[in-house]
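The values are calculated or read from the model by the stated rules, or taken from the named source; none is laboratory data. All values reported here derive from a predicted model rather than from experimental measurement. No Cβ is skipped: glycine too gets one built from the backbone with ideal geometry, and neighbour counts run over all protein chains shown.
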Amino acid sequence: MLLGLPSMREMIGELRAAARWVIVDTPAGLAHVDGVVTSVELDAVLMVIAAGEVARGAEDRLLVDLDAVGTQVLGAVVNRVLPQHADTIYHYQQYYARSQAASDVK
């Protein structure tokens, strides 16, 4: 896996030295380990979740994986929201509230 190589860490270090913000877009963390592996080299992550396309509870598993490697989660962006997914938004609001409560305890 290229993301775990020292050259990847060096590249991120060089980008940090040259820019105020470094944004790394990885494949979906729920489907690939790339996001979790890359997160170790970053200050924090922002999860992007497609409404109605992710099984409920899947983001909780990703949060556990990120927590296990010590990654700070800034929050979540829910995109592709359609009127028929209104109940999904409530679910994500509850998820984010649990996530915030857990980070406040740390």
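Checking the structure you have, find out if any residue of region 1-10 is of a type outside the set (Ser, Thr, Tyr) and modelled with pLDDT of 85 or more. Yes, region 1-10 contains a residue that is of a type outside the set (Ser, Thr, Tyr) and modelled with pLDDT of 85 or more.
Return yes or no: is Thr38 at pLDDT below 85, within 23 Å of Leu63 (Cβ to Cβ) and touching a His at 6+ places or on another chain (Cβ under 9 Å)? Spell out how you get there, then give the answer.
Working: at pLDDT below 85: yes; within 23 Å of Leu63 (Cβ to Cβ): yes; touching a His at 6+ places or on another chain (Cβ under 9 Å): no.
When the stated conditions are applied, Thr38 does not pass them.
Count of region 62-95 residues, restricted to those that are at pLDDT 60 or above, in a helix (DSSP H, G or I) and under 22 Å from Leu42 (Cβ atoms), is 7.
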